[in-house]
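A.B. asks: Quick one: the structure is below, questions incoming.
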Amino acid sequence: MKVEDIKNIAVIGSGTMGHGIAQIAATAGYNVTMVDVNNEILARAIEKIKWSLEKLAEKRRIKPEDVSLILSRIKTTTRLEDAAESADVAIEAIPEKIELKKELFARLDQLASKHAILATNTSSLSITEISRSTSRPDKIVGMHFFNPPQLMSLCEVIKGQFTSDETLSITAELAKKMGKTVIICKKDVRGFIVNRVLGAVFNEVFWTVYRKESTIEEVDASVKYKAGFPMGIFELADYVGLDVLANVAKVMYEAYGERMKPCPLATSLLNEGKLGQKTSQGFYDWSIGRPRIKFTLAGKYDINRVYTVAVNEAAWLIHEDVADPVDIDTGMKLGAGWPSGPCELGDRLGLDVVLGKLRDMYSKYGEEMYRPCPLLEDYVGKGRLGKKTGQGFYIYK
Ligand code: 3HC
């Protein structure tokens, strides 16, 4: 199959990610069939797509007459076979439970035609394990979009152990046709690229607040107004969903052990069903809209701490040959809206400075999350300190 042969896309799951993916696929001209367990959920998803398209038309990002055209390309069904049988590509966006995903992929494998690529939008689960439930592991691939998929212009394409080069390249081309910049995650590691860096950052700020060294508002004001992040980190946690984050954190802890030790800061909120924006309550009260983060608190949390753990995690990704510096930086800029990527930041700050700060944090807290990556030690040992020496993660002429 070539990317030009793709006409029909099945999207399974119509939640936050699923309906967004269906929308961008239809916007790119594909016939989309969106599947979910009942018609009420599907009707709500269509309402959200309509709202989003109208908003994009209001901002002149699409033509007003395209709203109904794009909507007309999206069909809905509760019967998987109705979507799977005609699909050239299926994109799964159901809850993050490995058993559910394996069951779904086994069914998709039976229903879809032989040429169809089956992609998963999983945040952190193993593409390889999912592929083992099918008879076409070469055609199973990760296609990881970012919330909200309509606005975040990144797609991570992930190679599972058995994914063929052909599947990988068709999927990357398809994501580009859907308007995304693609980064390739070369290994099927938990958290892929962006969630690895975000995971390190979430852990740092969660533990800092848990230790009562800073408040939620101080962290958020500092990263928003000093670092220029589009949202505070706790605001982002609420936006993504505390349940979603807890799932990712669990998978990361299983994979990386103490280095990704989850913090119990959100446990009581989770127990009370306060999951963030979608339930109106989380770290913030969303019933009156986005939280208003006070500018006066900016600087009360040291943003270099966030930079330091982000640079260290980027170093781990390079050390493990998961991604290149340019893909990591692109990932954080387009997937999370950061003004600079961690490799660029590290080179600007000085890798010796970053390493020094990590060593201080490691000796102060004794926590594995602050242990410097050997690659960083190696670079600094060789005098690759960043921009000031002409070489760090990047080479400067
Ligand atoms: N479709 C169309 N328009 C939308 C929209 C959607 N789905 N969602 C929001 N908008 C609109 C808003 O209504 C608003 O319109 P208005 O100006 O008329 O009020 C406009 O977009 C801008 O929104 P805001 O003013 O509220 O906010 P921002 O300017 O900050 O932009 C944002 C919103 C793009 C979400 C930005 O805050 C951002 O980039 N945040 C970071 C998001 C992020 O990091 N995402 C990745 C999370 S991790 C992930 O998804 C991985 C997973 O595996 C966990």
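A.B. asks: For the peptides 193-205, 172-184, what is the packing order when you average, over each peptide's residues, the other Cβ atoms within 10 Å and list the highest mean first? Display every interim value, and only then the final one.
C.D. replies: Numbers: 193-205: 26.0, 172-184: 19.7.
The peptides rank, most packed first, as 193-205, 172-184.
A.B. asks: I would also like to ask the following. Can you give the FRET efficiency to the nearest 0.05 for Trp51 and Glu129, using r as the Cβ-Cβ distance and R₀ = 30 Å?
C.D. replies: On the way: r = 36 Å, r/R0 = 1.19.
The formula returns an efficiency of 0.25 here.
A.B. asks: Nearest-5 percent of antiparallel DSSP beta bridges in the chain?
C.D. replies: Antiparallel bridges: around 25 percent, rounded to the nearest 5.
A.B. asks: Expressed in nm to one decimal, what extension gain is obtained for the pair Asp82 and Lys382 from 0.36 nm per residue of sequence separation less their Cα-Cα distance?
C.D. replies: 102.1 nm
A.B. asks: Averaging sequence separations of C-alpha pairs under 8 Å and six or more residues apart, then dividing by the length of the chain, give the relative contact order as a whole percent.
C.D. replies: Over the chain, the number comes to 12 percent.
A.B. asks: Oh, and also: GluC sites (Glu not before Pro), restricted to region 236-308: which are DSSP loop and have at most 13 other Cβ atoms within 10 Å?
C.D. replies: Glu272
A.B. asks: I'd like the distance between the alpha-carbon centres of region 1-72 and region 339-397, rounded to an integer number of Å.
C.D. replies: 42
A.B. asks: Sequence-distant or interchain residues sharing an amide H contact under 5 Å with Met34, placed H: which?
C.D. replies: When sequence neighbours closer than 5 places are left aside, the close amide H contacts are Val11, Lys75, Thr76, Thr77.
A.B. asks: Also, quick follow-up: Any idea what diffusion coefficient region 1-143 gets from Stokes-Einstein, in µm²/s, Kirkwood Rh on alpha carbon pairs, 10 °C, 1.306 mPa s?
C.D. replies: Calculated translational D: 104 µm²/s.
A.B. asks: What number, rounded to the nearest 500 deg cm²/dmol, is the helix-based mean residue ellipticity at 222 nm of the chain, given -39500 (n - 2.57) per DSSP H run of at least four residues and division by all its residues?
C.D. replies: Here the helix-only value at 222 nm equals -14500 deg cm²/dmol.
A.B. asks: Then there's this: Given R₀ = 30 Å, what would the calculated FRET efficiency be for Lys226 paired with Tyr394, taking r from the Cβ atoms and rounding to 0.05?
C.D. replies: 0.80
A.B. asks: For the chain, with all protein chains present and a 1.4 Å probe, just round the carbon and sulfur fraction of the accessible area to a whole percent.
C.D. replies: Carbon and sulfur together cover 51 percent of it.
A.B. asks: Once you put a point 7 Å from the Cα of Lys186 and another 7 Å from the Cα of Ser280, both along the Cβ direction, what distance in nm separates them?
C.D. replies: If labels sit at Lys186 and Ser280, their model points lie 4.9 nm apart.
A.B. asks: Normalised by the residues of region 304-389, what does the relative contact order come to in percent, with Cα pairs under 8 Å and at least six apart?
C.D. replies: Rounded, it is 33 percent for region 304-389.
A.B. asks: For Ala87, which sequence-distant residues (separation of 5 or more, or a different chain) have an amide H within less than 5 Å of its own amide H, given hydrogens modelled in the peptide plane?
C.D. replies: Correct list: Ser113.
A.B. asks: At a Förster distance of 30 Å, what's the computed FRET efficiency of Lys7 paired with Arg290, Cβ-Cβ distance as r, to 0.05? Walk me through the numbers on the way to the answer.
C.D. replies: Details: r = 38 Å, r/R0 = 1.28.
Result of the calculation: an efficiency of 0.20.
A.B. asks: Indicate the gyration tensor shape class of the chain (rounded, prolate or oblate), computed on the Cα atoms with a ≥ b ≥ c the square roots of the eigenvalues: a/c under 1.5 is rounded; otherwise a/b larger than b/c is prolate and the rest oblate.
C.D. replies: Prolate, since a/c reaches 1.5 and a/b exceeds b/c.
A.B. asks: Through the Karplus equation 6.51 cos²θ - 1.76 cosθ + 1.60, θ set to phi - 60°, convert the phi angles of region 305-314 into ³J(HN,Hα) values in whole Hz; use x for Gly and Pro.
C.D. replies: For region 305-314, the Karplus-derived couplings read 5, 5, 4, 4, 5, 5, 5, 4, 5, 4 Hz, x marking Gly and Pro.
A.B. asks: Cα gyration tensor of region 194-297, axes a ≥ b ≥ c as square roots of the eigenvalues: rounded (a/c below 1.5), prolate (a/b > b/c) or oblate?
C.D. replies: It comes out oblate by the Cα gyration axes.
A.B. asks: Same structure, new question: Order these peptides, 17-23, 60-66, by their mean beta-carbon neighbour count within 10 angstrom, highest first.
C.D. replies: In decreasing order of mean packing, 17-23, 60-66 become 17-23, 60-66.
A.B. asks: Each residue of region 131-142 in turn: what ³J(HN,Hα) in whole Hz from Karplus with 6.51, -1.76, 1.60 and θ = phi - 60°, glycine and Pro shown as x?
C.D. replies: With the stated coefficients, region 131-142 comes to 5, 5, 8, 10, 9, 10, x, 5, 9, 9, 8, x Hz.
A.B. asks: What per residue convex hull volume, in Å³, do the alpha-carbon atoms of region 273-316 yield? Could you put the intermediate results ahead of the total?
C.D. replies: On the way: hull volume 5.0 nm³, N = 44.
Value for region 273-316: 114 Å³ per residue.
A.B. asks: In whole Hz and in residue order, list the ³J(HN,Hα) couplings for region 181-198 that follow from phi through the Karplus curve 6.51 cos²θ - 1.76 cosθ + 1.60, θ = phi - 60°; x for Gly and Pro.
C.D. replies: Values per residue, Gly and Pro as x: 8, 9, 10, 9, 8, 6, 10, 7, 9, 5, x, 6, 9, 5, 5, 5, 5, 4 Hz.
A.B. asks: In Å, what Kirkwood hydrodynamic radius results for region 284-386 from the alpha-carbon pair distances?
C.D. replies: Values: mean 1/r = 0.0670 Å⁻¹.
Its Kirkwood hydrodynamic radius stands at 14.9 Å.
The values are calculated or read from the model by the stated rules, or taken from the named source; none is laboratory data. What you are looking at is a predicted structure, and each value in this text was computed from that prediction instead of being measured. Positions of Cβ are generated from backbone atoms using ideal geometry, with glycine treated the same way; all protein chains shown enter the neighbour counts. To get the accessible areas, we keep the full protein, side chains included, count just its heavy atoms, and leave off ligands, DNA and RNA. Shrake-Rupley method; radii C 1.70, N 1.55, O 1.52, S 1.80 Å.
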